[in-house]
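S.K.: Here it is, the structure in full.
The values are calculated or read from the model by the stated rules, or taken from the named source; none is laboratory data. Computed from a predicted structure; not experimentally measured. Here the Cβ positions follow ideal geometry from the backbone for every residue, glycine too, while neighbour counts run over all protein chains shown.
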Protein chains: 2
Amino acid sequence: MKTVYNIIIADDHKMFVDGLRSILEHEDDLNIVHTTSNGEEVLKYLKINQNEQIDLLITDINMPGMDGIALNKNIKKEFFGIKTLVISMLEDGAKIKTLTENEVNGYLSKNAEQKELLKAIRQILAGENYFSTHIQSILVQAMTNSRKTSEVRLTQREKEVLQLIAKEHTTQEIADILFLSKHTIESYRKNLINKLEVRNLAGLTRYAIEHKMI
Amino acid sequence: MKTVYNIIIADDHKMFVDGLRSILEHEDDLNIVHTTSNGEEVLKYLKINQNEQIDLLITDINMPGMDGIALNKNIKKEFFGIKTLVISMLEDGAKIKTLTENEVNGYLSKNAEQKELLKAIRQILAGENYFSTHIQSILVQAMTNSRKTSEVRLTQREKEVLQLIAKEHTTQEIADILFLSKHTIESYRKNLINKLEVRNLAGLTRYAIEHKMI
DNA sequence: CTTAAAAACCCTGAATTCAGGGAGTTTTTC
DNA sequence: GAAAAACTCCCTGAATTCAGGGTTTTTAAG
């Protein structure tokens, strides 16, 4: 008697779920027991069906309501023995990094081939992690990037000023808002431009937005 | 003898293509003749296989290289009798609007059900257009919005300049890049500030990022 | 208590942006 | 073919930013 692994899929893109299903249904050892379109439903299902051993969760990152990141965190906290494979279209280094830090067992891009998908699933079920070479390189980049750029730790005041700059306030206005001299604000702007290695307001604004400061 | 419709699919997310295929292969009258992962390949295929009548193109919007919008435009210009159904995960009113203006025959979200997909395909093949009520409401919103706020339609040149501004280039640099006088770029910057109702570089940059121009 | 970092402030001068105009040419649209 | 929109270029002058130097005071850490 062969071992059959139980799989849950969470993705709000139904056609994608169909794609997964059509691939997995040809595999005798892989059994899709449930599919949902958001994170909450997965947790609900797991709680109700505690007697059923689930081996693998395949989830998207972006979903309405609880997303893949939060879902994975909750599952690793509350349940045991459930591996997680994240499949997403986005290839955002920072997000993937937080996933690996949260013990996700694998990550695939949605443009992966069937072959790679099955390889990832089998590898994860065997107890290993799976991150494609492509994803690995993105991860490495994100790591080195964070060493480079976030070496620049901004002080609270600098963040305040940066936010106001990004909100289109002039130096004088920021000075008025923070009850400081405009010279002070000019110093901050100058330091920010140096620290963040940008050239002008546009660069500061981009940094602020990219780091979700506004 | 039944009529069989020939379909081409363009989407870089292979698993999604598999999902589509698994749905469509159960339909006797729908025949997938080719799948590609970008727009260029579709055009290449169509040019080589001119004798083969293609009835429907199913395409994503976001693809590496030529995207769905450009692809549809090219197809409507160069080939006849090919309907287009766009399936995308994004629900950006402005983009959908440009699609309808470019004679796309239908639009579906990637979280649509099988049922709706087949309904859309059949309706389009029968000569009608298909836009789900959900999409229609987004469209209406985009229209009314565009009357309110985004009456600001930027020209191609304006977009180019805006992009370069947001990338921290100075006026002189942009002038050099576009082979224009710096006075011209100054005019563009001024007009952009007026049109977009912002105050400075920071505002322009924010607009550019919020509208995904960089 | 000492030292370092952060926060606040000041100065000069060049470069750039911003705001307000005008004006000619080409391209699109009706 | 006329009208509108887009594209290009130019001018002036004020405001602001940018780049390079500073100083002093407060706060945090060893």
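S.K.: Condition (residue is assigned by TED's automatic domain parsing to the domain that holds B:F79, outside any helix (DSSP H, G or I) and at pLDDT 90 or above) applied to segment B:38-49: is it met by at least one residue?
M.R.: yes
S.K.: Taking into account only those residues within segment B:175-196 that are near DNA strand C (Cβ under 8 Å from one of its atoms) and among the hydrophobic types (A, V, I, L, M, F, W, C), which is farthest from the chain's Cα centre (by Cα)?
M.R.: B:I185
S.K.: Here's another thing I want to ask about it. Residue pairs, Cβ under 7 Å, 6 or more apart or interchain, first in segment A:200-214 and more than 17 Å from B:L162 (Cα to Cα) and among the small types (G, A, S), second modelled with pLDDT under 95 and away from DNA strand C (no atom under 15 Å from the Cβ). List them.
M.R.: Short answer, once both residue conditions are applied: A:A208/A:I214.
S.K.: Please determine, by comparing only the residues of segment B:1-24 that are in a loop (DSSP other than H, G, I, E, B) and either touching a Cys at 6+ places or on another chain (Cβ under 9 Å) or within 9 Å of chain A (Cβ to nearest Cβ) (or both), which one is nearest to B:D55 (Cα to Cα).
M.R.: Out of the qualifying residues, it is B:D11.
S.K.: Any chance you could count how many residues in segment A:194-208 are more than 7 Å from chain B (Cβ to nearest Cβ) and hydroxyl-bearing (S, T, Y)?
M.R.: 1
S.K.: Any idea which of (1) within 11 Å of DNA strand C (Cβ to nearest atom); (2) surrounded by fewer than 16 Cβ atoms within 10 Å (Cβ to Cβ); (3) under 22 Å from A:I209 (Cβ atoms); (4) not aromatic (F, W, Y) is the one B:G203 doesn't satisfy?
M.R.: B:G203 satisfies all of (1) within 11 Å of DNA strand C (Cβ to nearest atom); (2) surrounded by fewer than 16 Cβ atoms within 10 Å (Cβ to Cβ); (3) under 22 Å from A:I209 (Cβ atoms); (4) not aromatic (F, W, Y) except (2).
S.K.: While we're on this one: Of (1) of a type outside the set (D, E); (2) at pLDDT 90 or above; (3) surrounded by fewer than 18 Cβ atoms within 10 Å (Cβ to Cβ), B:N74 satisfies all except one. Which?
M.R.: In the conditions (1) of a type outside the set (D, E); (2) at pLDDT 90 or above; (3) surrounded by fewer than 18 Cβ atoms within 10 Å (Cβ to Cβ), B:N74 misses (2) alone.
S.K.: Here's something else I'd like to know. Identify all residues within segment B:22-37 that are farther than 16 Å from B:K83 by Cα, crowded, with 16+ Cβ neighbours inside 10 Å and in contact (Cβ under 8 Å) with a residue 12 or more places away in the chain; write none if there are none.
M.R.: B:I23, B:L24, B:T36, B:S37
S.K.: While we're here: Of all residues in segment B:45-65, which are farther than 26 Å from A:S109 by Cα and either within 19 Å of the chain's Cα centre (by Cα) or free of Cβ contacts under 8 Å to residues at least 24 places away in the same chain (or both)?
M.R.: The answer is B:K47, B:I48, B:N49, B:Q50, B:N51, B:L56.
S.K.: Then there is this: Of all residues in segment B:165-200, count the ones that are within 12 Å of DNA strand D (Cβ to nearest atom) and assigned to a loop (DSSP other than H, G, I, E, B).
M.R.: Adding up the residues that qualify gives 8.
S.K.: Can you pull out the residues in segment A:38-59 that are polar (S, T, N, Q) and surrounded by fewer than 19 Cβ atoms within 10 Å (Cβ to Cβ)?
M.R.: Once the filter is applied, which keeps residues that are polar (S, T, N, Q) and surrounded by fewer than 19 Cβ atoms within 10 Å (Cβ to Cβ), segment A:38-59 yields A:N49, A:Q50, A:N51, A:Q53.
S.K.: Is it the case that segment A:104-115 has a residue that's more than 25 Å from B:N62 (Cβ to Cβ) and polar (S, T, N, Q)?
M.R.: yes
S.K.: Starting from residues that are surrounded by fewer than 15 Cβ atoms within 10 Å (Cβ to Cβ) and in contact with a helix residue (DSSP H, G or I) (Cβ under 7 Å, 6 or more places away or on another chain), keep the ones in segment A:103-134 and report whichever is nearest to the other protein chains (Cβ to nearest Cβ).
M.R.: Looking at residues that are surrounded by fewer than 15 Cβ atoms within 10 Å (Cβ to Cβ) and in contact with a helix residue (DSSP H, G or I) (Cβ under 7 Å, 6 or more places away or on another chain), I get A:E113.
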